[in-house]
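Colleague: Input: one structure, supplied below.
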Amino acid sequence: MSTVTVALVQMNSGIEAEANLAEIARRAAEARAAGAAYVLTPEMSVVFAENRAGLRERAQGWAGNAAVARLGDIARENGLYLHVGSLAVALDDGRFANRSVLFGPTGGIVAAYDKIHLFDADLPGIDAYRESATYAGGSEAVIAEVDGFRLGFSICYDMRFAALYRALAQAGAQVIAVPAAFTVPTGEAHWHVLLRARAIETGCFILAAAQGGAHANGRATYGHSLIVAPWGEVIAEAEDDAPGLLVATLDLDAVASARQRVPALANGREFTLPARISE
């Protein structure tokens, strides 16, 4: 098919899974009523805990995960592809996977992706922040077939690493999901420009479902969920940080058109960088 209707859920996820799952179920039903075949939720949709201790209290392992089972039921009940932007999954080493999970219309898991890039930084004026102390980074990029298009996976901080998006596009992705929980300062500065750049570079549709507002964990997130077309124009956007549903129909022919007009994927070349820089 050349067109597909998709929906993005903007959430204000709290620290209790039950309320967040109920919100996902409600939005999935709204999306199905609006004709969507695919629904994307933000990063940390199921439990947005305030710290590692909060995750230990609430996050479950992968096997027998009650939230995963409920999400599969939501996908089946609505007969659509439900892409849960991410949830924390407890690992054997005491850390967690930041895992994105795609459920098919029958409720089964189609694909899963663990966030590759982790934010480890020495920030002026505060202690060093080490996401890798809490989460284990993934090592494998993922593409899945979804209702007639190829979907590439990424999560939040991944959007700053263009090589991942280029690799997904070169492997056949036409649409790339970017579920996120951007802070307000970085959102105001970088959200739109980075997402538009990833669309232009790859000739893909970019679907960015965001957390928004003041959360129970003490954080504030930027919101402004948006959909960017392969030519770089924003075709749908949430106006603010309030919870809601964003629905749009994608013309998949636009992918081939953008790549023909600017064949950057085809024109890329291998190169070397000298070990020493000439003076």
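Colleague: Arrange L123, L8 by Cβ neighbour counts within 10 Å, fewest through most, would you?
Modeller: Final ranking by Cβ density, sparse to dense: L123, L8.
Colleague: Report, to two decimal places, the Cα Rg of the stretch 93-182 normalised by 2.2 N^0.38 Å (N = number of residues).
Modeller: 1.21
Colleague: Which of rounded, prolate or oblate describes the stretch 29-136 when judged by the alpha-carbon gyration tensor and an a/c cut-off of 1.5?
Modeller: Prolate shape, in that a/c is at least 1.5 and a/b is the bigger ratio.
Colleague: Can you pull the one-decimal nm distance between simple spin-label points at T3 and N51, each 7 Å off the Cα toward Cβ?
Modeller: Spacing of the two 7 Å Cα→Cβ label points: 5.1 nm.
Colleague: Given 0.36 nm per residue, what is the gain on full extension from E201 to A33 after removing their alpha carbon distance, in nm?
Modeller: Stretched fully, the E201-A33 segment lengthens by 57.1 nm.
Colleague: I would also like to ask the following. Pull out a ≥ b ≥ c, the square roots of the eigenvalues of the alpha-carbon gyration tensor of the stretch 190-264, then state rounded if a/c is under 1.5, prolate if not and a/b is larger than b/c, and oblate in the remaining case.
Modeller: Cα axes put the stretch 190-264 in the prolate bin.
Colleague: Now for a separate question. Find the eigenvalues of the gyration tensor of the Cα atoms of the chain, then list the square roots of 5 times those eigenvalues as equivalent ellipsoid semi-axes, largest first, in whole angstrom.
Modeller: 28, 25, 18
Colleague: Rounding to the nearest 20 debye, state how big the charge dipole of the chain is about its Cα centre with +1 on each Lys and Arg Cβ and -1 on each Asp and Glu Cβ.
Modeller: Approximately 460 debye in magnitude.
Colleague: Express in nm, to one decimal, how much length is gained between F271 and A66 on full extension, taking 0.36 nm for each residue of separation and deducting their alpha carbon distance.
Modeller: 69.0 nm
Colleague: Now for a separate question. I need the calculated FRET efficiency for the pair L123 and I235, taking r as the beta carbon distance and R₀ as 25 Å, to the nearest 0.05.
Modeller: 0.15
Colleague: Quick one: Cα centre-to-centre distance for the stretch 209-268 and the stretch 66-131, in angstrom?
Modeller: Here the answer is 19 Å between Cα centres.
Colleague: I'd like the Karplus ³J(HN,Hα) series for the stretch 210-223: coefficients 6.51, -1.76, 1.60, θ = phi - 60°, whole numbers in Hz, and an x wherever there's a Gly or Pro.
Modeller: 10, 6, x, x, 7, 9, 4, 7, x, 8, 10, 10, 7, x
Colleague: Nearest 0.05, what FRET efficiency do D251 and A220 give at R0 = 41 Å with Cβ-Cβ as r?
Modeller: Result of the calculation: an efficiency of 0.70.
Colleague: Taking every DSSP beta bridge with both residues inside the stretch 105-257, roughly what % is antiparallel (nearest 5)?
Modeller: 75
Colleague: Just for the stretch 3-265, what percent of DSSP beta bridges are antiparallel, to the closest 5?
Modeller: Of all bridge pairs located within the stretch 3-265, approximately 70 percent are antiparallel.
Colleague: Which ordering of T134, T249 is given by a fewest-first count of other beta-carbon atoms within 10 Å?
Modeller: T249, T134
Colleague: Another question, if that's okay. What ranking do 151-157, 136-142, 27-33 get when scored by the average of other Cβ atoms within 10 Å per residue, highest first?
Modeller: 151-157, 27-33, 136-142
Bear in mind that the values in this text are calculations on the coordinates, not laboratory data. Fair warning: this is a prediction, and the values are worked out from it, not measured in the lab. Here Cβ is always computed from backbone atoms with ideal geometry, including for glycine, and neighbour counts include all displayed protein chains.
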